[in-house]
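Worksheet: one structure, shown below.
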Amino acid sequence: MKIRRLPFVFPVFLFLGGVAALPFSLVSPSLPGVSALEIDRSELEAVSGADIEFESFQGEVQQFDSDQAIRGIGSALGQEATGEGTFNYFNRYILRRVIGDHLDRRRAADIMEFSPDARVDHIENVRRILSGFLVGAWGYQRGDADLLARFITIYNAVHRGDMAFFEARYREAVTESLDPERVGIALSYREWPGMTQMVIPLRGDRGPGDLDAVDPGQLVGPAVIGDLRSRADLGIDERKAIIEFIERVVEVRLDEISRERAAIEEEREEIALRREELQEAREPQPEVEPDEELPQVTPAAPIPGEAPPGEIGEEPDDPEEAEPRISLADEVARDEEELLREREEALDRREEVLQAEEEELEVLVDQLEELYQETARDQAALSERTAPPELVPFVLSDGRGGYEIAVVNLDGPVLEERQIVPLAGRHVLEYRGGLLVVHRGTRRMLLLEPASLAVRAESERSVRSGSRIVVQGDAILTVIEEEGAAFVGEFDSGLVLLRRSADAVNPDTDIVVRGDQVLVQGVQGDLRLLRLQ
């Protein structure tokens, strides 16, 4: 069977987007745009559960877990899940690995459940947990794991409660582990604890490090793609990302199939050659004729009263002894022939598996081609629509003398469905493509993603309330407190404290950097120069 190779090229439909002209302290220059347009609903009539919009908690976040800590939940589950069975993380997050019958061509599954005690209330954190699990369990790179996690949540949302769908695609042992009331993930975070069974499709014959351990073909069905196409931006970026991922899967599987096919053919040739050798060994060897004729010898006349030559000591014919005997060499040849037949039967079974792999890959390539063509058409149409509206991080007054940061869609304007972060003050700094703020409750510095306010980094040390924050290159200078005294602390790009000033400073000091000198106010109110080394 010949598998088509599809070059991933969008000739003219390259990445869309624009940079909003916004105040430097509020938005990253790389802030993504989202297009607003009307969707032709007739395209989606065959799609069940399209237009998936997750409801995440939008109130004030009292406790922040860092991105790394949230991913660590999934990573811990993944490292523990080394085989079939049930694994849990502090009885809050549960992973069931169900492989089932290996001869069944349907899929195995990892099933992630949230117990009633689970504390996840934002879809991005669900995806972080899933991503951490895929990295820990199956060895995916973080970028690939993030992509698969996004599709897994959409996949489980559009097929929420649809047991017929799962029964048709998953092995019996998998569907026996599913609860019709819980399978999939609800749209509202209120229903996640105790009511979630996210199904991760597995090929069942793969191991950690295999790119298709999680079956991407299951994740790009009509319902999932229909949901992406129902969005304002038509899900172009997500579709292009999954196309690129599936292309890599196809390349790897083509190479594996080619190598397996060559190995089978090589072994068949070895068997045929050995069979010829055995056949030649069984054939009688021709008699060698002498170079010269020997002189004829006239047999002597028999002596009267004596038996003719050749008859002395002969016993009467024994019927049993007349049966041919099997030589040791023939027995060895017969045993080896049996081994050759067994090897051929094993090769036939490998051939059947390989044929099934090729048929599955053909289906995946067809999916890829259809997805590619559809995405190219949609991106061409999108490029002709109106320019995307701007998404703006915006500091709001909470009406109680405090501040919080949210994401605003200027096409309205309306608040985007993102988390809202309470701030210790109204100052927001742009830093390395993110937003640097201080959380009101923890007094820790946070580095936020501009478009989602997802936490990229969080400091372990709290900073002085209301203190000035100054960025100098990659270094961040601000005031920290130790044992009741204030010091100038220097943090790196990961918000890790590198060092602090040797002498205490005024708790309310300003911080001004000139060259390698830092101007501050001393404890007694005097002006002092610190040196950056």
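The values are calculated or read from the model by the stated rules, or taken from the named source; none is laboratory data. For clarity, every value in this text was computed on a predicted model and none was experimentally measured. Cβ: placed from backbone, ideal geometry, glycine included. Neighbour counts: every protein chain shown.
Considering each of GLN355, GLN367 in turn, give the residue that is out of contact with any strand residue (DSSP E or B) (no Cβ under 8 Å at 6 or more places or on another chain) and either within 30 Å of LEU234 (Cβ to Cβ) or among the β-branched types (Val, Ile, Thr) (or both). Quick ask: steps written out before the conclusion?
On the way: GLN355 fails: either within 30 Å of LEU234 (Cβ to Cβ) or among the β-branched types (Val, Ile, Thr) (or both).
Every option except GLN367 fails the conditions.
The residue that is farthest from ILE225 (Cα to Cα), among those in segment 166-187 that are among the hydrophobic types (A, V, I, L, M, F, W, C) and touching a strand residue (DSSP E or B) at 6+ places or on another chain (Cβ under 9 Å), is ALA173.
When ARG203, ARG190 are screened for being under 14 Å from the mean Cα position of the chain (by Cα), modelled with pLDDT under 95 and surrounded by fewer than 23 Cβ atoms within 10 Å (Cβ to Cβ), only ARG203 passes.
How many of the residues in segment 454-464 are charged (D, E, K, R) and either part of a loop (DSSP other than H, G, I, E, B) or in contact with a Ser or Thr (Cβ under 6 Å, 6 or more places away or on another chain) (or both)? Final tally of qualifying residues: 2.
Collect the residues in segment 126-143 that are on the phi < 0 side of the Ramachandran plot, touching a residue at least 40 places away in the same chain (Cβ under 8 Å) and surrounded by fewer than 23 Cβ atoms within 10 Å (Cβ to Cβ), keeping them in residue-number order. Scanning segment 126-143 gives VAL135, GLY136. Does PHE57 fit the bill of being modelled with pLDDT under 95, surrounded by 13 or more Cβ atoms within 10 Å (Cβ to Cβ) and not charged (D, E, K, R)? Criteria met by PHE57.
In segment 157-179, is there at least one residue being buried (at least 22 other Cβ atoms within 10 Å of the Cβ) and under 16 Å from the mean Cα position of the chain (by Cα)? So far as segment 157-179 goes, no, none of its residues is buried (at least 22 other Cβ atoms within 10 Å of the Cβ) and under 16 Å from the mean Cα position of the chain (by Cα).
Each row is one residue, and each column tells you yes or no for (1) at pLDDT 80 or above; (2) surrounded by 15 or more Cβ atoms within 10 Å (Cβ to Cβ); (3) not aliphatic (A, V, I, L, M).
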{"residue": "PRO393", "(1), (2), (3)": "yes, yes, yes"}
{"residue": "ASP398", "(1), (2), (3)": "no, no, yes"}
{"residue": "ASP411", "(1), (2), (3)": "no, yes, yes"}
{"residue": "ILE420", "(1), (2), (3)": "yes, yes, no"}
{"residue": "LEU435", "(1), (2), (3)": "yes, yes, no"}
{"residue": "VAL438", "(1), (2), (3)": "yes, yes, no"}
{"residue": "SER452", "(1), (2), (3)": "yes, yes, yes"}
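Any residue at all in segment 485-499 that is out of contact with any Lys or Arg (no Cβ under 8 Å at 6 or more places or on another chain) and of a type in the set (S, T, N, Q)? The answer is no, given that none of the residues of segment 485-499 is out of contact with any Lys or Arg (no Cβ under 8 Å at 6 or more places or on another chain) and of a type in the set (S, T, N, Q). Within segment 413-425, being assigned to a strand (DSSP E or B) and either among the basic types (Lys, Arg) or out of contact with any Asp or Glu (no Cβ under 7 Å at 6 or more places or on another chain) (or both) holds for VAL414, LEU415. Please tell me if LEU497 is in contact with a Phe, Trp or Tyr (Cβ under 8 Å, 6 or more places away or on another chain) and either closer than 28 Å to ARG128 by Cβ or not assigned by TED's automatic domain parsing to the domain that holds ARG528 (or both). Yes: the conditions hold for LEU497.
I need the full set of residues from segment 454-477 which are among the polar types (S, T, N, Q) and crowded, with 17+ Cβ neighbours inside 10 Å, in order please.
Going residue by residue through segment 454-477, those that are among the polar types (S, T, N, Q) are 459, 462, 465, 467, 472.
Once the filter is applied, which keeps residues that are among the polar types (S, T, N, Q) and crowded, with 17+ Cβ neighbours inside 10 Å, segment 454-477 yields SER459, SER467.
Yes or no, residue by residue, for (1) out of contact with any Leu (no Cβ under 9 Å at 6 or more places or on another chain); (2) not in a loop (DSSP other than H, G, I, E, B):
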residue	(1), (2)
PRO180	yes, no
ALA186	yes, no
ARG190	yes, yes
PRO193	yes, no
VAL199	no, yes
ASP205	yes, no
ASP210	yes, no
VAL224	yes, yes
ASP227	no, yes
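Here is a yes/no grid of residues against (1) farther than 18 Å from ASP67 by Cα; (2) outside any loop (DSSP other than H, G, I, E, B):
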{"position": "ALA406", "(1), (2)": "yes, yes"}
{"position": "ASP411", "(1), (2)": "yes, no"}
{"position": "HIS427", "(1), (2)": "yes, no"}
{"position": "THR442", "(1), (2)": "no, no"}
{"position": "LEU447", "(1), (2)": "no, yes"}
{"position": "SER452", "(1), (2)": "no, no"}
{"position": "GLY466", "(1), (2)": "yes, no"}
{"position": "GLU481", "(1), (2)": "yes, yes"}
{"position": "GLY494", "(1), (2)": "no, no"}
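Note down all Cβ pairs under 7 Å where the first residue falls in segment 410-439 and is at positive phi, the second is surrounded by 18 or more Cβ atoms within 10 Å (Cβ to Cβ), and they're at least six residues apart or on different chains. Hits for this filter: GLY433/SER28.
Looking at segment 230-238, can you tell me whether even one residue there is under 18 Å from the mean Cα position of the chain (by Cα) and under 17 Å from GLY100 (Cβ atoms)? Spell out how you get there, then give the answer.
Keep residues of segment 230-238 that are under 18 Å from the mean Cα position of the chain (by Cα), which gives 237-238.
Next cut, under 17 Å from GLY100 (Cβ atoms) only: none.
No, segment 230-238 has no match at all.
Any idea which of VAL520, VAL513, VAL471 is in a strand (DSSP E or B) and free of Cβ contacts under 8 Å to residues at least 40 places away in the same chain? Walk me through how you get there before you give the answer.
On the way: VAL513 fails: free of Cβ contacts under 8 Å to residues at least 40 places away in the same chain; VAL471 fails: free of Cβ contacts under 8 Å to residues at least 40 places away in the same chain.
Of VAL520, VAL513, VAL471, the one residue that is in a strand (DSSP E or B) and free of Cβ contacts under 8 Å to residues at least 40 places away in the same chain is VAL520.
When the strands (runs of 3 or more DSSP E) confined to segment 71-174 are screened for residues that are assigned by TED's automatic domain parsing to the domain that holds ARG190 and of a type in the set (D, E, K, R), those reaching at least 1 such residues are found at 93-98, 108-114. The sole residue among ALA486, ALA504 that is touching a Pro at 6+ places or on another chain (Cβ under 6 Å), farther than 26 Å from ARG142 by Cα, aliphatic (A, V, I, L, M) and free of Cβ contacts under 8 Å to residues at least 40 places away in the same chain is ALA486.
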